[in-house]
């Protein structure tokens, strides 16, 4: 395992136990002695920078600022964040609020980069289209300190058909046009249990979903993507066994090798 993602606290709670300096130092020492080359912290699920509720938005901004400080203390290369939902206020208003929130969080003090994750687009959540993410990146004053995390299951469900060669070409073209592929800092590699355009966030084991083995293989072997860090967020059990991560990782390595051979 050369890339690792984790939560620095309970992702379903606002309260964050302080990071102990001695534990952080020991964590960084062990990381340096491990095979992990890329370390990413995933921010809590409660954040909603797009919320029309001023209290929730303010709390989200403060929490994201603290999340990033924690990630920096743990030596993380990046922190991934969901953008939130406009809750009926409209896409434009939601994007404006996200931009304001990111500007209030401000640029990082260390090397930990903030990565905005695309979504499947359920309800009023923002970030399902690369155009929306691009508008946020263009509007914020934090510049190149912000990048993107591409979740393959989310992209497929949002309407970017990653199961075909043409679909991958279309998806990467849209990503480059609206965001800039150079800002892609991380890929969440997941198959999708939901069909393209369904807007349903349902992850599947590698090769068992709508993207399929060939689609995943093409993603892994694409010259624009192959050297990016990848993280699996696939289900944790397979055929009743708890070793799904090992199974999915083995599938990824096989599909990458097969893709290189074509």
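Each value in this text was obtained by applying a stated rule to the coordinates, not by laboratory testing. The structure displayed is predicted, hence computed values, not measured ones. Every residue, glycine as well, gets a Cβ built from its backbone with ideal geometry; the counts of neighbours run over all protein chains shown.
At a glance:
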| read-out | value |
| --- | --- |
| Theoretical gain in end-to-end length, residue 28 to residue 145 [0.36 nm per residue, Cα-Cα removed] | 39.9 nm |
| Shape category assigned to the chain from the gyration tensor of Cα positions, a/c cut at 1.5 | oblate |
| At R0 = 25 Å, FRET efficiency that the Cβ-Cβ distance of residue 227 and residue 92 yields, to 0.05 | 0.10 |
| At R0 = 30 Å, FRET efficiency that the Cβ-Cβ distance of residue 14 and residue 200 yields, to 0.05 | 0.65 |
| Extension gain (nm, one decimal) between residue 7 and residue 243, 0.36 nm per residue minus Cα-Cα | 82.9 nm |
| Computed [θ] at 222 nm, helices only, for the chain once each DSSP H run of length n ≥ 4 contributes -39500 (n - 2.57) | -13000 deg cm²/dmol |
| Share antiparallel - DSSP beta bridges, the stretch 129-254, percent rounded to 5 | 30 percent |
| Among 118, 48, 248: highest mean-square fluctuation, GNM of the chain, C-alpha pairs under 10 Å | 248 |
| Share antiparallel - DSSP beta bridges, the chain, percent rounded to 5 | 15 percent |
